[in-house]
Amino acid sequence: MKYQKGFIQIPILIAIILGFIVVGGVSYVGVFRYQQTQFEKERLLQEKAERDARDTEIRKLILEQQNALEEAKLEIESTKRETKSIEENASKKITKLESQLSEDQRREPPENVTITAEEIEPYLTGVVLIVCYPALGSGSLWNLPEFGGYSVITNKHVTDEGYCGVNIHDEYEASIGGFSIKDIKRWNPFTDISVSKLEDSTGAKVLAKDLNYRLSNLPKCSPKAAVGSPVVVIGYPAFGVKYVDLYNQGFKQYVAYRIATNGIISGHDSSVEIPRGNLPYPNYFVSATIDSGNSGGIAISKENKQLCVLGVPTWLTVGNFATQGLVQNIHNIFDTP
(Lines give C-alpha, C1' and ligand atoms only; values in the text may rest on other atoms or scores of the structure.)
Protein backbone atom coordinates (compact mmCIF):
# COMPACT_ATOMS: atom_id res chain seq x y z
CA MET A 1 0.00 0.00 0.00
CA LYS A 2 1.24 3.32 -0.88
CA TYR A 3 0.90 6.41 1.22
CA GLN A 4 0.79 9.94 0.02
CA LYS A 5 3.12 12.16 1.94
CA GLY A 6 1.47 14.97 3.95
CA PHE A 7 -2.00 13.50 3.99
CA ILE A 8 -3.84 11.36 6.56
CA GLN A 9 -5.42 8.39 5.22
CA ILE A 10 -9.20 8.64 4.97
CA PRO A 11 -10.04 5.72 7.27
CA ILE A 12 -7.89 7.18 9.97
CA LEU A 13 -9.52 10.57 9.49
CA ILE A 14 -12.93 9.05 9.73
CA ALA A 15 -11.91 7.26 12.90
CA ILE A 16 -10.62 10.45 14.39
CA ILE A 17 -13.80 12.29 13.50
CA LEU A 18 -15.93 9.51 14.90
CA GLY A 19 -13.83 9.64 18.04
CA PHE A 20 -14.44 13.34 18.39
CA ILE A 21 -18.12 12.78 17.81
CA VAL A 22 -18.30 10.03 20.40
CA VAL A 23 -16.29 11.99 22.94
CA GLY A 24 -18.34 15.12 22.27
CA GLY A 25 -21.54 13.16 22.51
CA VAL A 26 -20.49 11.61 25.75
CA SER A 27 -19.47 15.00 27.10
CA TYR A 28 -22.73 16.52 26.01
CA VAL A 29 -24.74 13.73 27.62
CA GLY A 30 -22.73 14.15 30.81
CA VAL A 31 -23.25 17.88 30.89
CA PHE A 32 -26.93 17.44 30.08
CA ARG A 33 -27.36 14.89 32.84
CA TYR A 34 -25.49 17.11 35.28
CA GLN A 35 -27.71 20.03 34.37
CA GLN A 36 -30.77 17.81 34.74
CA THR A 37 -29.56 16.66 38.13
CA GLN A 38 -28.93 20.24 39.29
CA PHE A 39 -32.33 21.31 37.97
CA GLU A 40 -33.96 18.38 39.78
CA LYS A 41 -32.17 19.33 43.00
CA GLU A 42 -33.25 22.94 42.68
CA ARG A 43 -36.81 21.80 41.94
CA LEU A 44 -36.81 19.52 44.97
CA LEU A 45 -35.34 22.26 47.15
CA GLN A 46 -37.96 24.72 45.91
CA GLU A 47 -40.74 22.20 46.50
CA LYS A 48 -39.38 21.56 50.00
CA ALA A 49 -39.24 25.30 50.68
CA GLU A 50 -42.80 25.67 49.43
CA ARG A 51 -43.91 22.71 51.59
CA ASP A 52 -42.15 24.20 54.60
CA ALA A 53 -43.81 27.57 53.93
CA ARG A 54 -47.20 25.86 53.60
CA ASP A 55 -46.57 23.84 56.77
CA THR A 56 -45.56 27.01 58.62
CA GLU A 57 -48.70 28.81 57.40
CA ILE A 58 -50.86 25.82 58.35
CA ARG A 59 -49.29 25.67 61.82
CA LYS A 60 -49.85 29.41 62.17
CA LEU A 61 -53.52 29.05 61.16
CA ILE A 62 -53.95 26.11 63.53
CA LEU A 63 -52.39 28.13 66.38
CA GLU A 64 -54.64 31.12 65.59
CA GLN A 65 -57.68 28.82 65.53
CA GLN A 66 -56.64 27.26 68.85
CA ASN A 67 -56.23 30.72 70.40
CA ALA A 68 -59.57 31.82 68.99
CA LEU A 69 -61.15 28.65 70.37
CA GLU A 70 -59.68 29.31 73.83
CA GLU A 71 -60.93 32.92 73.75
CA ALA A 72 -64.35 31.70 72.67
CA LYS A 73 -64.40 29.19 75.54
CA LEU A 74 -63.43 31.91 78.04
CA GLU A 75 -66.10 34.24 76.64
CA ILE A 76 -68.70 31.48 76.83
CA GLU A 77 -67.75 30.78 80.47
CA SER A 78 -67.93 34.50 81.28
CA THR A 79 -71.31 34.76 79.54
CA LYS A 80 -72.53 31.72 81.46
CA ARG A 81 -71.48 33.31 84.77
CA GLU A 82 -73.10 36.64 83.83
CA THR A 83 -76.25 34.85 82.69
CA LYS A 84 -76.34 32.86 85.92
CA SER A 85 -75.92 36.06 87.95
CA ILE A 86 -78.67 37.80 85.96
CA GLU A 87 -80.95 34.79 86.37
CA GLU A 88 -80.28 34.68 90.13
CA ASN A 89 -80.97 38.41 90.52
CA ALA A 90 -84.10 38.11 88.40
CA SER A 91 -85.22 35.13 90.47
CA LYS A 92 -84.68 37.10 93.69
CA LYS A 93 -86.65 40.07 92.31
CA ILE A 94 -89.45 37.79 91.15
CA THR A 95 -89.56 36.10 94.57
CA LYS A 96 -89.64 39.50 96.29
CA LEU A 97 -92.39 40.76 93.96
CA GLU A 98 -94.38 37.56 94.43
CA SER A 99 -94.03 37.89 98.19
CA GLN A 100 -95.08 41.54 98.06
CA LEU A 101 -97.98 40.71 95.74
CA SER A 102 -99.06 37.91 98.06
CA GLU A 103 -98.88 40.30 101.01
CA ASP A 104 -100.85 42.95 99.11
CA GLN A 105 -103.46 40.36 98.16
CA ARG A 106 -103.85 39.30 101.80
CA ARG A 107 -104.16 42.88 102.94
CA GLU A 108 -107.69 44.14 103.38
CA PRO A 109 -108.59 46.77 100.73
CA PRO A 110 -107.89 50.22 102.23
CA GLU A 111 -111.26 51.66 101.19
CA ASN A 112 -113.02 49.13 103.43
CA VAL A 113 -110.89 49.91 106.50
CA THR A 114 -111.47 52.52 109.18
CA ILE A 115 -109.84 53.35 112.51
CA THR A 116 -112.27 53.80 115.36
CA ALA A 117 -112.00 55.98 118.46
CA GLU A 118 -112.09 52.86 120.63
CA GLU A 119 -109.08 51.42 118.80
CA ILE A 120 -106.80 54.44 119.29
CA GLU A 121 -107.92 55.30 122.81
CA PRO A 122 -105.35 53.01 124.58
CA TYR A 123 -102.47 54.79 122.79
CA LEU A 124 -103.43 58.45 123.24
CA THR A 125 -101.57 59.04 126.49
CA GLY A 126 -98.46 57.50 124.92
CA VAL A 127 -98.12 60.78 122.97
CA VAL A 128 -96.54 63.59 125.00
CA LEU A 129 -95.86 67.31 124.81
CA ILE A 130 -92.23 68.26 124.20
CA VAL A 131 -91.34 71.68 125.59
CA CYS A 132 -88.12 73.15 124.19
CA TYR A 133 -88.63 76.72 125.29
CA PRO A 134 -89.96 78.70 123.54
CA ALA A 135 -90.96 76.05 121.00
CA LEU A 136 -93.47 73.23 121.48
CA GLY A 137 -93.48 69.87 119.78
CA SER A 138 -94.73 66.32 120.19
CA GLY A 139 -93.15 63.01 121.12
CA SER A 140 -94.10 59.39 121.73
CA LEU A 141 -93.19 57.07 124.59
CA TRP A 142 -91.28 53.85 123.87
CA ASN A 143 -89.64 51.17 125.95
CA LEU A 144 -86.33 50.78 124.14
CA PRO A 145 -83.78 48.58 125.96
CA GLU A 146 -81.09 49.55 123.42
CA PHE A 147 -81.47 53.18 124.57
CA GLY A 148 -81.63 52.50 128.26
CA GLY A 149 -85.31 51.62 128.57
CA TYR A 150 -87.98 54.29 128.97
CA SER A 151 -87.48 56.77 126.17
CA VAL A 152 -89.18 59.44 124.13
CA ILE A 153 -88.87 59.66 120.33
CA THR A 154 -89.34 63.01 118.63
CA ASN A 155 -87.94 65.01 115.72
CA LYS A 156 -84.37 66.18 115.76
CA HIS A 157 -85.46 69.68 114.72
CA VAL A 158 -87.66 69.85 117.84
CA THR A 159 -84.86 69.08 120.31
CA ASP A 160 -82.48 71.36 118.39
CA GLU A 161 -84.39 74.31 119.88
CA GLY A 162 -82.53 74.00 123.17
CA TYR A 163 -83.12 72.57 126.64
CA CYS A 164 -86.16 70.31 126.54
CA GLY A 165 -88.59 68.67 128.93
CA VAL A 166 -91.55 66.33 128.61
CA ASN A 167 -95.01 67.20 129.89
CA ILE A 168 -97.32 64.25 130.58
CA HIS A 169 -101.12 64.62 130.31
CA ASP A 170 -103.82 62.19 131.38
CA GLU A 171 -106.87 61.24 129.37
CA TYR A 172 -108.57 64.47 130.50
CA GLU A 173 -105.73 66.61 129.18
CA ALA A 174 -104.62 67.47 132.71
CA SER A 175 -100.89 67.74 133.31
CA ILE A 176 -99.76 64.99 135.67
CA GLY A 177 -96.04 65.66 135.71
CA GLY A 178 -92.94 66.71 133.88
CA PHE A 179 -89.79 64.85 133.00
CA SER A 180 -86.40 66.05 132.02
CA ILE A 181 -84.76 64.27 129.12
CA LYS A 182 -81.06 63.77 128.56
CA ASP A 183 -78.58 61.81 126.50
CA ILE A 184 -80.31 62.95 123.34
CA LYS A 185 -79.14 60.66 120.54
CA ARG A 186 -79.38 61.34 116.84
CA TRP A 187 -80.88 58.17 115.37
CA ASN A 188 -78.92 58.38 112.11
CA PRO A 189 -77.78 61.19 109.81
CA PHE A 190 -80.52 60.59 107.25
CA THR A 191 -83.68 60.89 109.39
CA ASP A 192 -85.02 63.85 111.36
CA ILE A 193 -85.28 61.75 114.52
CA SER A 194 -83.79 61.88 118.02
CA VAL A 195 -84.34 59.61 121.02
CA SER A 196 -83.93 60.60 124.66
CA LYS A 197 -84.01 58.77 127.94
CA LEU A 198 -86.65 59.86 130.47
CA GLU A 199 -85.29 60.97 133.82
CA ASP A 200 -87.49 60.87 136.94
CA SER A 201 -87.81 64.22 138.72
CA THR A 202 -87.43 64.50 142.48
CA GLY A 203 -90.85 64.39 144.13
CA ALA A 204 -92.66 63.60 140.85
CA LYS A 205 -96.21 62.33 141.17
CA VAL A 206 -95.63 59.69 138.52
CA LEU A 207 -92.54 57.67 137.64
CA ALA A 208 -91.26 56.87 134.15
CA LYS A 209 -92.03 53.18 134.60
CA ASP A 210 -95.72 54.01 135.17
CA LEU A 211 -96.27 55.81 131.85
CA ASN A 212 -98.03 54.50 128.75
CA TYR A 213 -95.62 52.58 126.49
CA ARG A 214 -98.25 50.62 124.56
CA LEU A 215 -96.97 52.02 121.24
CA SER A 216 -93.93 49.78 121.70
CA ASN A 217 -96.23 46.77 121.42
CA LEU A 218 -97.89 47.80 118.16
CA PRO A 219 -96.50 46.16 115.00
CA LYS A 220 -94.91 48.30 112.32
CA CYS A 221 -96.93 48.84 109.15
CA SER A 222 -95.61 47.39 105.88
CA PRO A 223 -92.43 49.06 104.59
CA LYS A 224 -94.54 50.51 101.76
CA ALA A 225 -98.07 50.76 103.13
CA ALA A 226 -100.78 51.05 100.48
CA VAL A 227 -102.00 54.40 99.23
CA GLY A 228 -105.56 54.91 100.53
CA SER A 229 -104.86 53.25 103.87
CA PRO A 230 -106.40 55.11 106.84
CA VAL A 231 -104.19 57.30 109.01
CA VAL A 232 -104.65 58.90 112.45
CA VAL A 233 -102.08 61.52 113.48
CA ILE A 234 -101.76 62.24 117.21
CA GLY A 235 -99.84 65.17 118.65
CA TYR A 236 -99.93 68.71 119.98
CA PRO A 237 -100.48 70.95 116.93
CA ALA A 238 -100.35 74.74 117.15
CA PHE A 239 -104.09 75.02 116.50
CA GLY A 240 -104.64 72.97 119.71
CA VAL A 241 -102.81 75.52 121.91
CA LYS A 242 -104.95 77.98 123.88
CA TYR A 243 -103.81 81.00 125.91
CA VAL A 244 -105.94 81.55 129.00
CA ASP A 245 -106.07 84.15 131.76
CA LEU A 246 -104.87 82.22 134.80
CA TYR A 247 -107.39 82.77 137.64
CA ASN A 248 -108.47 86.01 135.95
CA GLN A 249 -105.36 87.70 137.23
CA GLY A 250 -104.33 89.04 133.85
CA PHE A 251 -101.57 86.48 133.53
CA LYS A 252 -101.73 84.63 130.23
CA GLN A 253 -100.65 81.01 130.17
CA TYR A 254 -100.81 78.54 127.32
CA VAL A 255 -102.65 75.24 127.54
CA ALA A 256 -101.80 72.62 124.93
CA TYR A 257 -104.24 69.92 123.95
CA ARG A 258 -103.57 66.54 122.46
CA ILE A 259 -105.29 66.38 119.06
CA ALA A 260 -106.07 63.41 116.80
CA THR A 261 -106.75 64.02 113.09
CA ASN A 262 -107.60 61.43 110.51
CA GLY A 263 -107.08 60.96 106.78
CA ILE A 264 -105.44 58.54 104.39
CA ILE A 265 -102.04 57.82 102.90
CA SER A 266 -102.09 60.12 99.88
CA GLY A 267 -98.84 58.99 98.27
CA HIS A 268 -95.26 57.80 98.67
CA ASP A 269 -92.31 60.17 98.85
CA SER A 270 -89.69 58.10 97.03
CA SER A 271 -87.17 60.96 96.84
CA VAL A 272 -85.59 59.70 100.08
CA GLU A 273 -85.04 56.19 98.70
CA ILE A 274 -81.75 54.88 97.34
CA PRO A 275 -80.33 55.79 94.82
CA ARG A 276 -81.78 59.33 94.91
CA GLY A 277 -81.76 59.43 98.71
CA ASN A 278 -80.08 57.48 101.49
CA LEU A 279 -82.97 55.49 102.97
CA PRO A 280 -84.35 52.05 102.05
CA TYR A 281 -88.07 52.93 102.10
CA PRO A 282 -90.32 55.81 101.03
CA ASN A 283 -91.88 58.30 103.41
CA TYR A 284 -95.61 59.10 103.27
CA PHE A 285 -97.78 61.99 102.18
CA VAL A 286 -100.93 61.97 104.34
CA SER A 287 -104.16 63.94 104.16
CA ALA A 288 -104.63 64.00 107.96
CA THR A 289 -104.28 67.57 109.23
CA ILE A 290 -100.77 68.35 110.44
CA ASP A 291 -99.59 71.67 111.88
CA SER A 292 -96.46 72.94 113.55
CA GLY A 293 -96.35 71.23 116.93
CA ASN A 294 -97.33 67.87 115.42
CA SER A 295 -93.65 67.30 114.66
CA GLY A 296 -92.37 64.29 116.56
CA GLY A 297 -95.80 62.83 117.34
CA ILE A 298 -97.11 59.56 115.96
CA ALA A 299 -99.03 58.37 112.89
CA ILE A 300 -101.05 55.16 113.16
CA SER A 301 -102.52 53.18 110.27
CA LYS A 302 -104.31 49.85 109.91
CA GLU A 303 -103.56 46.66 107.98
CA ASN A 304 -105.22 43.27 108.09
CA LYS A 305 -107.77 44.65 110.60
CA GLN A 306 -104.96 45.52 113.01
CA LEU A 307 -103.50 48.87 114.03
CA CYS A 308 -99.86 49.48 113.14
CA VAL A 309 -97.33 52.27 113.57
CA LEU A 310 -96.89 54.13 110.27
CA GLY A 311 -94.26 56.63 111.36
CA VAL A 312 -93.47 60.06 112.81
CA PRO A 313 -95.09 63.27 111.47
CA THR A 314 -92.33 65.66 110.51
CA TRP A 315 -93.05 68.32 107.88
CA LEU A 316 -95.71 70.04 105.86
CA THR A 317 -95.50 70.21 102.09
CA VAL A 318 -97.18 73.38 100.89
CA GLY A 319 -98.78 73.59 97.46
CA ASN A 320 -100.53 76.51 95.78
CA PHE A 321 -103.91 75.85 97.35
CA ALA A 322 -103.43 72.88 99.71
CA THR A 323 -100.96 71.26 102.08
CA GLN A 324 -100.00 67.68 102.79
CA GLY A 325 -98.40 66.29 105.90
CA LEU A 326 -95.24 64.24 105.58
CA VAL A 327 -94.66 61.20 107.82
CA GLN A 328 -91.27 59.56 108.23
CA ASN A 329 -91.56 55.83 107.59
CA ILE A 330 -91.17 53.86 110.85
CA HIS A 331 -88.90 51.40 108.98
CA ASN A 332 -86.54 54.23 108.03
CA ILE A 333 -86.40 55.10 111.74
CA PHE A 334 -85.83 51.66 113.22
CA ASP A 335 -84.31 49.65 110.38
CA THR A 336 -81.44 51.94 109.41
CA PRO A 337 -77.99 51.96 111.07
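The values are calculated or read from the model by the stated rules, or taken from the named source; none is laboratory data. As the structure is a computational prediction, the values presented were derived from the model and not from experiment. We place every Cβ from the backbone using ideal geometry, glycine too, and count neighbours over all the protein chains shown.
Screening K5 on (1) in a helix (DSSP H, G or I); (2) modelled with pLDDT under 75; (3) not small (G, A, S) shows it passes everything except condition (1). Would you mind stating whether P275 is out of contact with any Gly (no Cβ under 7 Å at 6 or more places or on another chain) and buried (at least 20 other Cβ atoms within 10 Å of the Cβ)? Spelling it out, it is not the case that P275 is out of contact with any Gly (no Cβ under 7 Å at 6 or more places or on another chain) and buried (at least 20 other Cβ atoms within 10 Å of the Cβ).
Among E75, E118, which is the only one that is modelled with pLDDT of 80 or more and either exposed (fewer than 10 other Cβ atoms within 10 Å of the Cβ) or in contact with a Cys (Cβ under 8 Å, 6 or more places away or on another chain) (or both)? Of E75, E118, the one residue that is modelled with pLDDT of 80 or more and either exposed (fewer than 10 other Cβ atoms within 10 Å of the Cβ) or in contact with a Cys (Cβ under 8 Å, 6 or more places away or on another chain) (or both) is E118. Here V113 passes the criteria (1) surrounded by fewer than 18 Cβ atoms within 10 Å (Cβ to Cβ); (2) at pLDDT below 80; (3) among the aliphatic types (A, V, I, L, M) except the one numbered (1). Evaluated against (1) at pLDDT below 80; (2) part of a loop (DSSP other than H, G, I, E, B); (3) of a type in the set (V, I, T), I176 falls short on exactly one condition, (2). In summary, A226 fulfils each of the numbered conditions (1) buried (at least 18 other Cβ atoms within 10 Å of the Cβ); (2) without any contact (Cβ under 8 Å) to a residue 40 or more places away in the chain with the single exception of condition (2). Taken over segment 197-229, residues that are at pLDDT 85 or above, more than 23 Å from P122 (Cα to Cα) and out of contact with any Phe, Trp or Tyr (no Cβ under 8 Å at 6 or more places or on another chain) amount to 3.
Of all residues in segment 154-173, those being touching a helix residue (DSSP H, G or I) at 6+ places or on another chain (Cβ under 8 Å) and either on the phi > 0 side of the Ramachandran plot or not in a strand (DSSP E or B) (or both) number 3. Can you give me the number of residues within segment 183-193 that are in contact with a helix residue (DSSP H, G or I) (Cβ under 9 Å, 6 or more places away or on another chain) and either farther than 22 Å from V286 by Cα or modelled with pLDDT of 95 or more (or both)? The qualifying residues number 6. Checking each residue in segment 145-155 for being surrounded by fewer than 19 Cβ atoms within 10 Å (Cβ to Cβ) and either within 23 Å of I259 (Cα to Cα) or without any contact (Cβ under 8 Å) to a residue 12 or more places away in the chain (or both) picks out P145, E146.
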